[in-house]
Amino acid sequence: MIKKIKIGLIALGLLIGLGAAGVFYLAHSINPTQLTSLIASLVKSETGRDFSIAGPIELRFFPAIGVVAQDVSLSNASWASEPKMLQMQKIELQIKLLPLLMKQVEINRINLSGVELYLQAGQNNRVNWDLSTPSDKGQVHSSASPANSAASGIGVITGIEHFKLVDANIHYQNSRGSKSQYSIKNFSADKDGGKTAIELKASDGALQFGLQGKMTSLREIASQWNSAPLKIDTDFEITLDGKSLELVGDVDKKPGQQAQWNMKLKSKSFDLAPLAGGAAVASGVNKAMGSDAQVRVSQKTKSPYFFSDTTLPLDQLPVAQGIIQIDIGKLGLPHLASLENVKGKIVLNGEQIDLSDLSFDWGSGHVKSSILLSQIHSTSPLVRMQGEGNGFTLEQLISAGNPNSKISGGDTRVAFSIVSAGSSLHQIASRASGRAQITVGPAHIAKNFLNAGGDFFVSLLDAINPMRKQFDQSVVECAVAYLPFQNGVVNIADSIGFKTDRLDITLSGTLNLNNEAINLDIYPKEKSGLTTGVNLGGLVKLQGTLEHPGLGVNKVGVLNSAVSVGLGFLTGGASILAENAKSIATKSDPCKTAFHPWDEITKQ
């Protein structure tokens, strides 16, 4: 027994000695420059891109063989805008020993830091992150040639089991030239049995985004995609400024066929308010709510229009088949009451995405709607939106997001049916056709809430009703806005009307969403009946653009009032009384005049 132990110890000592000798040999026989050249040639053969190292190179042997290089870059696609697709301050590669002794490189681990990554989508569905070589494209790998499949699929790139990225900036340019930038604090993808564990911490300005979970091995996906039947299981938790959303399900991919999705988006509570910075609607709400409303606006989303002309990333949506179920208990909105019990189904059908049967509770009411996107990868995707909601009040919707609003009542109902096409919110608005209507019942609105709307809004209210400053609140008896869209032009023929305890107000004119020009005449009349003077409110005109509205003069109102004033000197004021009496008679109930039957709004 003792003799066997001695033999074992001697054998172990010989192995340790041989290992030390091997490390000593490697330390003196492996040239870092030659190793870098070998890696570069392998990257070139598999991707067609140039891999270069301009900084110092360090070779390590403990705890594993590795290469540390600085000032590293990977060239871009020949058609891309930037010369480099990838630039790194530092890269650490951990290399497997046995393949290296056979003059083959298999990378086990990659750590990257200080990264600038330039991603770009081009015409004809080209993307610069497609790293396959021209010979690989169109090549069909058969099960009879596993060596070829391994060479082109697993190799130096897909053999990586551990990947880490720290302090990176991702620059993205879509096929229409719009650019955006995102920052990654940390990203890791590590082999975990037959899965890949992924963790991401990223930001877009002040917006914090996270992703954590597991999915089918990335190595398996890369090696089998479009060459063998593949099922990709996913189980992720998405976080947005601390609120989480579960993404669970699977994707089936068969060679030569579109991926089949079967996913679920589920959350007890999620918040969309952090995303409001780039949305035109949120920008409009911000202006309406006054200086107290804080909305983050990124430089990249600035636009001369109220509805942003920044290209929507619809061309990056996947061409796939399948279903994504939505089940969110509470969905936060900027400055408004949260949506509750949000349920819906996204049906993916190639170039078409159908968000059907979307429903949610809002306040004490309920909303049902649907959105259909088609030709999503074209230069002008088609959009169809339809929905209706009722049972909630202005008080419920606004006070929840702004407790200082001091609004009470305001039973509200809304319906819309709009079709359009475009690749930005501005294009969609400028090509919209259809109808929309909103009605509001009796409500009390505090003066300080109205005054928070900004200088223009205050000037407009003062022009319509100079006497409003004497009262602490406005009493709205009803409000109706019927908006018929025709190729982006809204013709308002007495189809916006308000009734307060002191005034009847009617608006007529046009709103052209192609250039966002406003041309609306405002006709306010005292409800007390015949007045003894000219109502200067009738001379007010709303003009300018949605982004820069202004007050003007209603020339027709000026002419009519001038005639009335002139005749008034001869008739002792009788003509003025008659003019106001005629106006009150023809616009006696602005809400009834503006209102259209609800079934007319939602009909196809």
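Per residue, the convex hull spanned by the alpha carbons of the stretch 181-265 comes to 106 Å³. In plain terms, the chain from Gln257 to Arg502 could stretch by 81.6 nm, reckoned as 0.36 nm per residue minus the Cα-Cα distance. Label separation (Thr602 vs Gln70): 6.6 nm, computed from points 7 Å beyond Cα along the C-beta direction.
Rounded to the nearest 20, the Cβ-based charge dipole of the stretch 199-244 about its Cα centre (Lys and Arg +1, Asp and Glu -1) stands at 120 debye. What the Cβ-Cβ distance of Asp241 and Ser45 gives, at R0 = 45 Å and to the nearest 0.05, is a FRET efficiency of 0.55.
Between beta-carbons, use under 13 Å as the cut-off and find the net charge around Asp233, counting Lys and Arg +1, Asp and Glu -1. Mind showing how you got there, number by number?
Details: positive: Lys195, Lys214, Lys231, Lys253, Lys264; negative: Asp192, Glu220, Asp235, Asp250, Asp252.
Spelling it out: positives minus negatives among the neighbours equals 0.
Counting Lys and Arg as +1 and Asp and Glu as -1 over every other residue whose Cβ lies under 13 Å from the Cβ of Ala517, the net charge comes to -1. Give me log10 I(q)/I(0) at q = 0.17 Å⁻¹ for the stretch 292-404, Debye formula, one equal scatterer per alpha-carbon, no solvent. Results for the stretch 292-404 at q = 0.17 Å⁻¹ read -1.07. For a paramagnetic label modelled on Ala446 (point 7 Å from Cα along Cα→Cβ), amide N atoms under 12 Å away are absent within the stretch 478-512.
Each reported figure results from applying straightforward, stated rules to the coordinates on display, with no laboratory input. From a predicted model like this one, the values you see are computed outputs, not experimental measurements. Ideal geometry is used to build each Cβ from the backbone, glycine not excepted, and the neighbour counts take in all protein chains shown.
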